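Data first, discussion second: the structure below is written as structure tokens.
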Amino acid sequence: MSLADLLSSEREDYQKVLLGFMTQSCRVLSIQNPVIKEPSLIIKYQLSKRCPDSPACFHFHNYEERRRKITQENSQTLIYNPEPCPVFVTKFLCDDADTCPFSHCNSEIVYHPSVYKTQECLLKSCPFEKTPYLCPNLHSKEPSRTYTARLYDEFAARPEQAFGVGKSRTIMNLNAFKTSPCTKKSNHEKKICPYYHNEMDRRRPTTQYNYCFEMCSKISQNYCPCESMCLFAKNKVEQLYHPEKYKKKFCEHYPYSIQKCEYGDFCSFAHSESELRTELFFNEKQNDEFNMYKLKTVFCPRKNEHDRSSCPYAHNVQDYRRNPLMYKYEPEECPNWSKGESVTSYDQPGCTKMLDCDKCHGWKEYEYHPQVYKTRTCSNGAKCQKKDCAYHHSRDKRSAISKVTSPSGEKQVTLFTWGLISNP
């Protein structure tokens, strides 16, 4: 029996989990902090940013729990085994993030074909009670995979062969980085040491502490005096290595002088496009579909100077658009939103409803709203050189959009504030 035959023989719901569960990111990860500064509003934003489908959501909400696909097309070998990667655990770095034959997170272990549904669930109130197939352990009336799981041993990844393949991107053990004290007594470069050396260097693991990456307003001399349960970042390390901040921007040395970065593989900024944890707009075709649903909906990952007027990313709160496929807002201007360039935060002198507001914030949310885009004539007509112009240049190209649809135009979608797309 081939690996493909073995996988196809699995129960449909089990097969679905083994092949795809937590391999793609949830849309909630695309929700960004729109430059909020007021502490109470920051907390409101954090508490509101929740996936409505959780815990039954099929996608991952944290990059540190992302599962790689277990096999490649037409392959007769699993990509990785359900054992923790030794260098990832001991040295905090693995140079072969994509093809390493070992697991880099707990989800890769418990949802591996050799482990999934081989033990009983012992939780009294399992979060997957209504969707038991998403739980890695057995629930009552579910068939055990103990026998089937053993058959995958024949297709186990071989470390000696996998490491012979060319190296891919490096991955860092963010969950453990700077959470344990350094025991080295000799002098060493602290910038590339994964252990903390003092309280200003210490990082609370986000798996145990729920705090946002905004700096605490009570910080004095580079450190927050609050108790350990502070809801904000207590120092720069906690801020830069927070899962929602980590690798969201390129390193200042990208792309021509990465070798000059003092932090090397431990840098909190991306050294390549493959490391960047945000959508890549650079190479996408900027057509009408892109302008309506993606243009200016993500903050720019570049730190170096560039032409912001032609950049598809947002650079400040006036430039930022809420994605109309993720937020429900009408094609009407919000009366509480100032169009002035002086706006530096989302609440002053903007709208205190923030992302929950059902009206447009700023001219770009209005001009590029799917119900408004290309419905008015451009004053420059055929002479217009703007590739992202929100106006039409001839009557035959005028938009006939009358309601928000999916980018493909095939289905109408129901939108939820803070929510994901739900296809009825």
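Restricting the search to the stretch 272-295, which residues are under 17 Å from the mean Cα position of the chain (by Cα) and either buried (at least 16 other Cβ atoms within 10 Å of the Cβ) or charged (D, E, K, R) (or both)? Across the stretch 272-295, the qualifying residues are GLU273, GLU275, LEU276, ARG277, THR278, GLU279, PHE281, LYS294. Taken over the stretch 209-250, the residue count meeting the criterion of being out of contact with any Pro (no Cβ under 7 Å at 6 or more places or on another chain), among the small types (Gly, Ala, Ser) and loosely packed, with under 14 Cβ neighbours inside 10 Å is 2.
For (1) of a type outside the set (Asp, Glu); (2) surrounded by fewer than 16 Cβ atoms within 10 Å (Cβ to Cβ); (3) not assigned by TED's automatic domain parsing to the domain that holds ASP95, each residue gets a yes or a no:
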| position | (1), (2), (3) |
| --- | --- |
| GLU108 | no, no, no |
| HIS112 | yes, no, no |
| LYS117 | yes, no, no |
| SER125 | yes, yes, no |
| ALA157 | yes, no, no |
| LYS184 | yes, yes, yes |
| ASP201 | no, no, yes |
| THR207 | yes, yes, yes |
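You will find that of GLU83, GLU154, GLU142, the residue that is out of contact with any His (no Cβ under 8 Å at 6 or more places or on another chain), closer than 16 Å to LYS16 by Cα, of a type in the set (D, E, K, R) and at pLDDT 90 or above is GLU142 and no other.
Checked across the stretch 231-242, the condition of being of a type in the set (Gly, Ala, Ser), assigned to a loop (DSSP other than H, G, I, E, B) and either closer than 15 Å to THR179 by Cβ or modelled with pLDDT of 90 or more (or both) holds for no residue. Only a single item in (1) of a type outside the set (A, V, I, L, M); (2) assigned by TED's automatic domain parsing to the domain that holds SER144; (3) in contact with an Asp or Glu (Cβ under 7 Å, 6 or more places away or on another chain) is not met by GLU38, and it is number (2). Taken over the stretch 199-223, the criterion of being among the hydrophobic types (A, V, I, L, M, F, W, C), touching a Phe, Trp or Tyr at 6+ places or on another chain (Cβ under 7 Å) and in a loop (DSSP other than H, G, I, E, B) is satisfied by MET200, CYS212, CYS216.
The values are calculated or read from the model by the stated rules, or taken from the named source; none is laboratory data. Here the structure is a predicted model, which is why all the values come from computation and not from measurement. Positions of Cβ are backbone-derived with ideal geometry, glycine not excepted, and every protein chain shown enters the neighbour counts.
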